[in-house]
Structure formats: C-alpha cells, structure tokens
Amino acid sequence: GEAMAAVGRWWPVVVGVGAALDAGRSAAALGRVASFVESQAASPALVEVGAVEASSSSDWGLFAKQRVRKGETVLEVGSCVTGASVRAEHGLESLEPLCGDVSLIAYGLLRGEWPDSYFPDDLSAFPALLEDAGTWCSSRDFGVLRENALDDYAALGVSDASENDFLRAVCLALSRSFAVDGELVFAPGIDFVNHDDMLDPELAPVSWKKQLFGKASTVRLVASEDVEAGAELRASYGPLGAAEYLETYGFVPTRGAARRLAAVSELRFELGDGYEFVDDKRLVLERAGYDEDDLSIDLGVGGEVDPELLRFLRLRHLAGPDAFLLEPVFQAEIWDDFLSLPVSRPNELAVLEAIKAECAAVKLALEAPNPSPSPGLDAVRRLELEALRATIDWCDAELGSLDGKEYYQERRLKDLGLDTEWCADDAQWSGSRAPGSVDW
C-alpha cells in the first residue's frame, strides 16, 4: 500500500519515455523525476534520468553515472505495481479483466493523485486505443484492446475517472511495464529505459531479484551492453511482431534484429468439417494437445515455415492412400514422427499450395488501396507484406523440389532395408541389405 501510494503521488513526473508520452516536460519536472528515481532505488543506482537529444522520439532516458559493463545491474526498484499488488490493495481478487494485468495496473495508477495534464492528450501513436484503427493490418485487430479496456473500465467501476482517462492509463500500463518471469510489472524508474533496435531482442533486460530473510523481492535493470559514463543506456523491448510493438509501445522497429523479427504476418488455418476423416484427424490433434481444430502461426521474413504448421496441414490434407496413417496403431507416432516429414508428393503439394494461397489472399488484401489511420499502421502493413512475400518465395522453392524429397514410403523401406534393387544373378541385395545367398 505504501509503495502504491508513493507511485501515485509521484506519477505526474514518472509517466515515462515513449514517443507520445514525453512532450512538454520541463527542466524542473526532470529534476524532480531524477530525485524520485534515486529515492526509489533499492541500492545505489548507476544510472540517472536525463534529457535525450532532440532527434530522439523520447524526451527523457536513463544515463550512466559511471562506466557500466554489460550484464551489470544499473537500477534496482522495490516499489513496483503488479496485477497481484493491485488486487490485494483494492480487493479485486475475484475480478478477471479482459485485458488482464494491464487493466489492473492501469486501475492502480488511476488511484494515485496527479493532474490530468500529465496524461498524453495525443493517442495517435497508439492505434490500439483509436476508434478507427480496426483490422487494417491482417495480424491484429487493433480495435479489440480498446473494446476490452472499456469493458474493464465498466467492470472496475472507475467512477472518478473518464473513459478517456482509463484508456490513457491502459496505454501507460502497456508501454511502461515489463514482463518479468511471466508477470507484468510496472517499475518506476526502470520504465525510462528507451529501446534500441540494434540490441539483442532475446536478451531480457529486466528481472526479479529474490531477497533473503523474508525481504520483498526487487526488480532490477541490467545493462544490455557496455556503456560509457554520461552515455544513454538502452535496451531491447524484445522479439515482438510489428503489430505488437505498435500496440504496446506506439512505434515499429526500423532496423537491425528488432526489425527482422518484427516482420511477421499471422495466418490462421482450420481443420473444417469438409476434410476427409475429420473425426480421426481431430483425435490426433487432441492427442497432440490442441483444444481447438485450428492453428494461428507467425510467418517471418526468413521464409521457412514453422514445422508446427507443416504438421498441422499434412494432417489436414491426409487423404486417399495416405489415410492409413490415421489407423489407431499409428496414433502414438503420427504427430511427432510421421507428420514431421513429408508424407507423400500429393500431400506435400496440397500443403504448400494451401500456405501459398492463404499468403496470396492476405497479400492481395494488404496491397489494396486503403488509407491508413496512422503512419505506424503503414509500417506494420509493409513488414507484413515482406513476411508474406518471403513465405510465398519459400513455397515456390519447395514446390520446385517436390520430386527430390523423400516421402514416407521411401523412408519406411529404408528403415526395413528394402530400399535397394534385387540382383537375381548374385541372389542377393545390391545395396546395404545382404541377407546372404539364396538356394533357389
């Protein structure tokens, strides 16, 4: 409760570093923030809040007080806001918000005291909260977050704040929190670290630090690279798709590994009633851990398709002579073994054509003239198209090599040692299998 109250009191000067959230901060406010971050540190901080260069999309960031080595803890904070802390503080244990911990953290932040002027007036960088964002990009319906957030607003009974205030608080909770061991955490001070496209997206910069003797755990920020004294310390916000970056942080990566990993397009495939032996195929999916008979998958600019999608579609298109693999005797092996590799030429052809057709349909829709509500949505669309084109190219290459693939029958004969020709003159197998001479 004390920590929550502290965050609430100081929130007017702690609202973060994102492109849409920092405009108009005064030098006096910066000084108060720097003092606050220093006071929140659970151990001497190696960074401080400062103003970034004018060309940056953010006004403030974290700067090294001294030379910092990669992997070194630079800031440790104990006064954090989580979904669990808000539930406990405000008696919300039974509530299950549609936006999960995002709405709970937003609610917790709204309980503090700060002038409305410290909320961003311009939400254009965050299309997830715009009424007209809709489904302009194929991989994400940007209108869903807004709808769910407004439902949570009603369920939480935030009578002393408007819908717009709650949406802004959701925006702050989304863009300023970090996922730490599966839990969303808002840590004042750490939220000032800016993103760098060129840093390793797989390197998590924020983690819990467990304390001994029953002391409360703290959240710590570690340096993702060596930083000289006075230089800005940055981190990667993670290996996310472009749509998720835009929804969460209000921008899309433009270079480096972050951009490459952000170039994805999500496609959905179903096992409908029109496919042969659909009941047997659903049993296979159930054994494989599927609750539904559909699969959504991200396609990237690498082109190569996720093996999980190939298994799913090979199962979906099992027909004719290949259908014997659905017999009960093969149930334990079909998913992990048989479907992990090409089954037959007709089956693999159907799989590749299904992927290519879905990519082409989405690509056609994205290429159609359609005014975008924001430049960010344009960027997402371009990256999605890159992923779709790369996947179509991969499918074309795979289609051209169908005759060179090894299918189930060839693999099975090889396993049995029956993959070579019989030499009648020598009364033996010409290949590796040599059972010996045969007395005819």
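The values are calculated or read from the model by the stated rules, or taken from the named source; none is laboratory data. Predicted model, so just to flag it, every value in this text is computed and none were measured. Neighbour counts run over all protein chains shown; Cβ positions are idealised from the backbone, glycine included. Note: areas computed on protein heavy atoms with side chains; ligands, DNA, RNA excluded. Shrake-Rupley method; radii C 1.70, N 1.55, O 1.52, S 1.80 Å.
Some observations on this one:
- Residue count for the range 180-198, restricted to those that are without any contact (Cβ under 8 Å) to a residue 40 or more places away in the chain and open to solvent by 10 Å² or more (accessible area, probe 1.4 Å): 2.
- Verdict on Ala125 being touching a helix residue (DSSP H, G or I) at 6+ places or on another chain (Cβ under 8 Å), at pLDDT below 60 and under 22 Å from Val144 (Cβ atoms): yes
- Here Ser224 clears all of (1) polar (S, T, N, Q); (2) open to solvent by less than 10 Å² (accessible area, probe 1.4 Å); (3) farther than 22 Å from Gly143 by Cβ except the condition numbered (2).
- For Glu76, the criteria (1) at pLDDT below 75; (2) in contact with a Ser or Thr (Cβ under 7 Å, 6 or more places away or on another chain); (3) of a type in the set (D, E, K, R) hold in every case but one, which is (1).
- Unmet criterion (only one of (1) closer than 24 Å to Val81 by Cα; (2) of a type in the set (A, V, I, L, M); (3) assigned to a strand (DSSP E or B)) for Leu267: (1)
- Residues satisfying the criterion are absent from the range 147-161 (criterion: open to solvent by 10 Å² or more (accessible area, probe 1.4 Å) and under 18 Å from Phe251 (Cα atoms)).
- Within the range 231-260, being outside any loop (DSSP other than H, G, I, E, B), open to solvent by 30 Å² or more (accessible area, probe 1.4 Å) and closer than 23 Å to Phe63 by Cβ holds for Glu232, Arg234, Gly256.
- When we screen Ser94, Ser85, Ser103, Ser56 for residues that are more than 18 Å from Phe166 (Cα to Cα), open to solvent by less than 40 Å² (accessible area, probe 1.4 Å), at pLDDT 85 or above and not hydrophobic (A, V, I, L, M, F, W, C), the only hit is Ser85.
- Flag: Leu203 does not match the condition of being in contact with an Asp or Glu (Cβ under 7 Å, 6 or more places away or on another chain) and among the aliphatic types (A, V, I, L, M).
- Test for Arg345: is it modelled with pLDDT of 95 or more, among the charged types (D, E, K, R) and more than 25 Å from the chain's Cα centre (by Cα): yes
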